[in-house]
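Novice: Have a look at this one.
Rule-based calculations on the coordinates, nothing more; no lab input. Just so we're clear, the structure is a prediction, and the values are computed from it rather than from any experiment. Note that we place each Cβ from the backbone using ideal geometry, even for glycine, and neighbour counts take in every protein chain shown.
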Amino acid sequence: MKFAALIPALNEEETVGSVVRACLECGFIDEVIVISDGSTDRTASVARASGAHKVIELQENKGKDFALNAGAQATGADYLVLLDADLIGLRPEHVRQLVQPIIEGEAEATLGLFKRGYLHTDLAQAVTPFLSGQRAISHKAWQEAISSHVGVGFGLEILLERFLKSKGLIVKKVFLSGVSHRMKEEKLGLKKGLLSRLHMYWQIIKVLFSKKPQDADK
């Protein structure tokens, strides 16, 4: 059973290194793949310097789902561990929490939720836990759920949640104590950050009120 960590990143030079190192020090991750999604800063070079096994550099910003799918296509690992590149406070034990229930046969997928991090991110995940970007899922499940539906951006979490429920797969929630992430407004400034957040919400809403993937294929 092999695990690959997929870390999509858009201009995350300040935090991507610590996320990579947490994966490398976890002990259960066989491959760390960073996908620089059109970054214009030092994201790719920092990822390499931090020890990432593969760094995929997309020349244009394609969206989170496209970036993650590029990473999934670049590995033959049995399971994919999805981690945001802007995480703050991520430690090796948090990554182990995401993979151990699968290794021990307790679950077929996991969902990581922030706890005792920033109040606003804790609250957001308490209200909408299914939107968390921290997950472990089988490569096979990813291929079935996402690969033929790339283009939904941040709506991919909705697709994953629907797929896991439709297949009756056991998903275990794990609480990542002390973990949070940088807010868009913090990274981009108030105006650009707010516009980026609204764009993210729009992508989520479009998928939330769209037909389920299996219905759209008929």
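Novice: For LYS173 paired with MET1, estimate the spin-label separation in nm (one decimal), with each label point 7 Å from Cα along the Cα-to-Cβ line.
Specialist: About 2.3 nm, to one decimal.
Novice: Which of the aspartates and glutamates could be linked to LYS2 by a straight reach, that is with a Cα gap under 13 Å, when you skip same-chain ones fewer than 8 residues away?
Specialist: ASP30, GLU31, ASP78
Novice: A further question follows. Considering Cα pairs under 8 angstrom that are at least six residues apart, work out the relative contact order of the stretch 3-182 and quote it in whole percent. Don't skip to the end; give the middle numbers.
Specialist: Values: 388 pairs, mean separation 45.5, N = 180.
Worked out over the stretch 3-182, it gives 25 percent.
Novice: A follow-up question, please. What is the order of SER132, SER36, fewest Cβ neighbours within 10 Å to most?
Specialist: Working: SER132 20, SER36 29.
Result, fewest neighbours first: SER132, SER36.
Novice: Modelled label-to-label distance, ASP78 and GLU106, 7 Å Cα→beta-carbon offset: nm?
Specialist: Calculated label separation equals 1.8 nm.
Novice: How would you rank SER39, SER45, going from fewest to most other Cβ atoms within 10 Å of each one's own Cβ? Mind dumping the intermediate values first?
Specialist: Working: SER39 23, SER45 14.
Neighbour counts put them in this order, fewest first: SER45, SER39.
Novice: Around ILE35, which amide H atoms from residues at least 5 apart in sequence, or from another chain, sit under 5 Å from its own amide H, with H modelled in the peptide plane?
Specialist: Here the answer is ILE7, ALA9, ILE56, since their amide H atoms fall under 5 Å of that of ILE35.
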